[in-house]
Structure formats: C-alpha cells, structure tokens
Amino acid sequence: MRPAILGHMDGQLDRRAELSEFLRTRRARLKPEDVGLPSFGRHRRVPGLRREELAQLAGVSVAYYTRLEQGNGRNVSAEVLDAIARALRLSDAEQAHLTHLAKPKQQRRRATGSRAQQPVRVALHQLLESIDTVPAYVSGRRSEILAWNRMAAALFGDWGRLPAEERNWARLVFLNPDYRELFVDWDQKAYDMVSFLRMDAGRHPDDPRLSALVGELSVKSEEFRRLWATHDVKEKSHGVKRMRHPLVGELTLSFETFRLVDDDEQAFVTYHAEPGSPSAEALRLLASWGTDAAVALPASPPPQP
C-alpha cells in the first residue's frame, strides 16, 4: 500500500495534492519576522505564516490564495505565481516547480513519456569512451543511468552487471548498502536525490513509471519517505562530493552537470579531482586498475525485503 503523503492517483502523482502540499510546506517554513510582519507573541495556531499573511504579502485575496493552496491552479496567471513566489521567498528551482504544478505544459502522449528506454546518441557514447581519466555518465528522467564510461564503473561500480531497471540513482542510494558506504555525506546525497526526483515529478506528474518508483522507495525506505514528505526541490548543477572507495580510500571530487540542448531530460555528468591532489592520484590508480576497480564495488541489487 502506498503512503497517503505521496498523492498518487490512478498510477500518477496527483498534481493538485502536490501543489497543495508544496505551498503549505513553503508557507510553514517562514516566520512573520522573516518577512517584516509582527508575530504577536508565541501563541500562533499554525507553524509559519498564516494564509492571510501570505495573501497580504503577495497582494492577492485570501480566498484566491486559499483556492490555490487547495490545489486549484486553474486560470492562475504567471504574474500571480511570481508574486506568490516572491512572498514565499522561493529559489529559482522552487519557483519553476510551482509553475510546473500550477500551470502544467501540455504533456506528450503517455506512451512516449513512460517508454522503457531513453536512447542516448551514438556520439555521446563515443564521447564517453574517449574520456579515460574522468568518471562520466549520462542520466535521464527518474534518475535513470543511461550510459557511462570505464572510469564511472571504476568509481561507482559496474552498472553493466545490473538489470536495466536497477540502473537508477535513487534505487542505488536508498536500497543498496554499498552506496551508503561509498558516499561520506550520504545524508546529503539522499536529500539531493529526493529533491531531484521531486523536480522531475513536477514536470511529469502523469509518468506512471516515476509514480511507481516513488511508491516502491517509500515502502522500502523510511528515509526516502521522510525526505519525500518535505517537498523540497532542486536542480542538479555542480558541487563537491566526498567518497570512500574500497580500493583507494577517500576522494574529494567536483561534479559538473551539462543538460543536453536537444533533450533537457538527459544530462552529461562528470567528476574530476583538483590537479596534483591525493584525489587526482586516486583517480589515476582507478584508471590503471580498470575493471578490477569496478569489481571492488559490487553494484548488484540488495536482497529484497
């Protein structure tokens, strides 16, 4: 049985429920003093701002905002959404997510949106094969891992030995204990993965495979369930990850994400080390070991509960 917090409906994510919960959680995190309003003491019946206070800040009627927070985004204008986003102090990713939920674009046919394979261009495969010192891979919708090079296998494990449906970052992070050991800051990695999936769900609430993935992870992982309930969203861009590889020890690597111009659902991701650093030497060793390094990090799926 799927937890009610997921907002599932007929194999899809319920967009109205998602919109309602997203606005409610964003409002709850703001205090009156954060936005220049009097708090009137400690005896407030709701966490964060009241609906009346948020409506005042956004310059809309309380009734209008209440309808929106109840999930009714029909006929809402871009100007009103912008005003509410400013009042809620949303990040760029959060504002984009709000727009996706309130004013969804016309979706492609479901058969296209839920197809089993997201083809990767031959030229990208060739590019991956030509990069022999930097771990790199292509990811797609639902955090699926679509293609990778030898160095990515040496760093993260041999994804080629997994069934296609298991080549998924969210599954690996939450259901494979090896990845809990691999990422030194696993809690941050887990938070990031859920935030990326939330962003994806806002773009594609009618994707039954995404809905099934969220439902499965919610049943199998208490940590995923807790993080999903926060409704936090973010876009993957760049940053630093610390890892603990069984062969070369700790590495500190910078990652960069490049969205494809002709398919923004696919991203080319690279990891690199600062030149001359111990992490650069560790990557060099991984490159020299090749497939032996990949075997050291088993990517086999964990036993099913």
Task: the stretch 167-209, dipole about Cα centre (Lys/Arg Cβ +1, Asp/Glu Cβ -1), debye to the nearest 20 - done: 140 debye
Open item on the list: Which residues among the stretch 269-285 fall inside the zone where the amide N is under 11 Å from a point 7 Å beyond the Cα of residue 254, along Cα→Cβ?
Closed with: 272-275
- [ ] Read phi for every residue in the stretch 176-189 and hand back ³J(HN,Hα) as whole Hz from Karplus 6.51 cos²θ - 1.76 cosθ + 1.60, θ = phi - 60°, with x for Gly and Pro.
- [x] 10, x, 4, 6, 5, 7, 5, 8, 4, 9, 4, 4, 5, 4
Task: Among 206-216, 25-35, the order from most to least packed when residues are scored by Cβ within 10 Å on average - done: 206-216, 25-35
- [ ] With only Lys, Arg, Asp and Glu charged, each at its Cβ (+1 for the first two, -1 for the last two), find how big the charge dipole of the stretch 122-295 is about the Cα centre; round to the nearest 20 debye.
- [x] 280 debye
Task: residue 122 versus residue 67: modelled label distance in nm, points set 7 Å from Cα along the beta carbon direction - done: 5.4 nm
TODO: Would you please classify the overall shape of the stretch 122-295 from the alpha carbon gyration tensor, given that a ≥ b ≥ c denote the square roots of the eigenvalues, rounded means a/c under 1.5, and beyond that prolate means a/b larger than b/c while oblate covers the rest?
DONE: prolate
TODO: Grab the Cα-Cα distance for residue 229 and residue 86, subtract it from 0.36 nm times how many residues apart they are, and report the gain in nm with one decimal.
DONE: 49.2 nm
Open item on the list: Need one number: nm distance between label points at residue 33 and residue 184, each 7 Å from Cα along Cα→Cβ, rounded to one decimal.
Closed with: 3.6 nm
- [ ] Just reorder 191, 179 by solvent-accessible area, largest first, 1.4 Å probe, all chains present.
- [x] 191, 179
- [ ] Quick one: go through the stretch 62-80 and flag any residue whose amide nitrogen is under 19 Å from the point 7 Å out along the Cα-to-Cβ line of residue 52.
- [x] 62-70
Task: Under 18 Å from the Cα of residue 241 - aspartates and glutamates, other chains or at least 8 residues apart - done: 178, 181, 185, 187, 192, 250, 256, 274, 281
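The values are calculated or read from the model by the stated rules, or taken from the named source; none is laboratory data. Every value quoted in this text rests on a predicted model; they were computed, and no experiment measured them. Glycine gets a Cβ as well: all are built from the backbone with ideal geometry, and neighbour counts include every protein chain shown. Ligands, DNA and RNA are stripped out before the accessible areas are found, and what is left, the full protein with its side chains, is counted by its heavy atoms. Shrake-Rupley method; radii C 1.70, N 1.55, O 1.52, S 1.80 Å.
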